[in-house]
Every structure is written in structure tokens, then in C-alpha cells.
Amino acid sequence: MELRTGDKVRFLNEKGEGIVTRILSNTMVNVAIEEGFEVPVLASDLIKIEPQGMAGRFFDRKVNVESPVVNIAGNAKENVPEKSGVVDNEEASDRISGLFRQSGAGMSEGIYLIYAPFDQQWLMTGNLDIFLVNNSRYEAIFSFLLREAGDEFSGVDYDVIPPYSKILIETITREDLDSWSEGIVQVIFHGNENLPVLSPLHAAFKIKSVRFYKESSYQDFRLAGLKSVVLNLGDISGQLLISGAEPLMAAVSDPAARQKISAIAPPAYIDRFRTAPREAEVDLHISSLREDYSEMSNNEILRYQIDFFNRMLDSAITNNYFKVTFIHGVGNGSLKSAIVSALADYENVEFRNAPFARFGNGAVDIIIHKGN
């Protein structure tokens, strides 16, 4: 079945109807539903009930079919009357969450920051939409801050993201990338149901603008139905975030202040893998990282492993580690190649093969020199 922008469709596995507003790929489209929201949906889960142009009366004036700017599962941020993270219709919220959760099947449950080219036909030119994605059962109460001059940060946005939803933080030009490449996202997880209590998430992110000019940096991010540069800020799959609030050591230059923060803050992510003072060993085999990986594709597994590698290396740098050994295994060499490629975004780190007598060809040592 061929779908076009403007076609009226009905969901096969969910109640409701909508209009196709954007063709995302050969298999996925954006569909705007009656309540004024957009959701990414597999084309195979839709049936066309009216051809292009006949379904315009189905929506109110808030829906822009030609050029939607999306946030919570796709709704237009500038058209939301109050807080952009609020869904005021419970039935609509449940429908959106169900569709979003379906599109995120097999992906790590947690918080993502993505940079999506506004024009998906031209990945390395034009404006970028910055989304914060909540792929979890919890409401995510977040604060988004950017680094200013020196060690100062300024708040950009704060809001609530419903479960299995996303919100548009800002649309920027390529010239603005340097200003949006480093910051902090803090999240408090609130569960309306009988859910485990999670510790707050504190995630410091930093990304070099050169990554946005490499086509290989853009992933097919199923949760948004967009090719994007993706940062996994926090994974809550299968565990409580007991050590989720990583201390912001990189933003504190005074040694005495750093010592005080270390005394009161929970352990850093990398501390779980510490083998000696300032040294750690991290096994990147997917079976060591999570249990529910059987339905993940090879690309999803590789992306998960590299996300985990980046978070552990960032944590090691932030917390003044000297060496981290990453066990990648032998396999077809794709994970090792991806690690080498990811290291291009770091300064003052040295790549070495780990001792052959212990790891064979299945591990690398990353040496972190002072200056980060």
C-alpha cells in the first residue's frame, strides 16, 4: 500500500484515525491524530481510508500538515496552549504512549538527547531540531542547561515529558552548534503507578560539532522516526538508578570543592567497574550489559554498546581515571572499529591494544592523559 502526505488512515492495532503528515522512510510515516498530536507509525500498521486531500476537515487549525515541528510524540510545540509537555486528554495520552512504546521496542529504556536534521533529505545542512526523549514508564521532570563561559551554566528549558514521549527543546542553525554542544540534563522520575523509586539522573553531555558533518553519525532513531545524532543520557533498563546521579566534577575547578562534592555525591557510573585506583575494566558484550537483548537487531546492539562506551569513558574522564580497559570481543571487528571512530571526538586520550596474554585480540586500553 502506497501512502502519501494528506492520506487519511486508520490504525490496525490501536483505536483511532489520523492523517499522514510526513513520509519518514519506506516503512514509517508520521500520523497526526484528532487531538492534534503526531506519532511515528509503521506503514504496515495502517490502512488508508481516504486519499490525499480529503481528510483536511478531520483536524483543527493547530495542525500544519506541510511542515510540522514535533515534540511530544510529534505535536507542534508552538501550537500547544500551555506547557508543551502536557497532554490534557487521557485517552489520547494512552494512545500516543502505546504507539511510541511500540516504535521503541528493543531500545534501552531511559533518556535520550537527539539532534535531528529538520530536512531529513539533507542530513549535513540546514537546521537541527533538538529533542529530549523519554523512553520509560515514568514521567520525566527535567531541567536542561547549557555551559556558558568558564564553569557557569544557564537554564534553557524545564518541563515534564510523559512516559514514552519526546519534547522539542529548540530548533537551531548549524552556526549555533557550538553553543548547544555541551551541557547538563537533570531528570526526576515520577511514577503514577506502583513503580520502583529511581534516583534522579544527572547527565553531563559534550559533543563535537564535527560529528554533525559526518553522514555516519546519523542513526535511524526509531523512537522519533528520524535520522539523528543520538546521545543516550541514562539507561534505566533492568536496574534502579542507585548510582544515577553522577557528580559534576568537570564543572568544579577548585580541588577543595571537588573533594566536598565527592564526599556527598553518589558514586559515578564508572566506579562500578573499578579494578584499581583510577583504573576500570568494562565488558561491552551485550550479554553483560543487559538481559533483554534477544529481540534487538545487530545495529541496535552496536549502537547500545557504543552509547555505553561513551558514557563510561565520559564518566572516567570526569572522575579523573587514568586507564579504562574495554572488552569488545573478537567477532567481526565492527565494535572495535566503532570504538576507534568514537575516539576521534575525544582529546588527550590514547588508544592501545590490551595485553594479549590476558585478553587476546578482544580488548583495548584507553589511557586518559591530564588536560581533560
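The values are calculated or read from the model by the stated rules, or taken from the named source; none is laboratory data. From a predicted model like this one, the values you see are computed outputs, not experimental measurements. Note: areas computed on protein heavy atoms with side chains; ligands, DNA, RNA excluded. Shrake-Rupley method; radii C 1.70, N 1.55, O 1.52, S 1.80 Å.
What the range 275-327 shows is 46 Å² of accessible area per residue, with the surface traced by a 1.4 Å probe over protein heavy atoms. With 0.36 nm allotted per residue and the present C-alpha distance subtracted, the Arg272-Ile172 stretch has 32.3 nm of extension available.
May I ask you to give the solvent-accessible area per residue for the range 121-162, in square angstrom, as obtained with a 1.4 angstrom probe?
Working: 1900 Å² over 42 residues.
Ligands and nucleic acids excluded, the figure is 45 Å² per residue.
Here the alpha carbons of the range 311-372 define both size measures, Rg and Dmax, at 11.6, 34 Å. The portion of the accessible surface of the range 130-245 made up by carbon and sulfur, rounded to a whole percent, is 49 (1.4 Å probe; DNA, RNA and ligands excluded). Short to long, the 10 Å bins of the Cα pair-distance histogram for the range 116-199 hold 16, 39, 31, 12, 2 percent of all pairs.
Using 0.36 nm per residue and subtracting the Cα-Cα separation, the extra length available between Ile327 and Leu195 on full extension is 44.2 nm.
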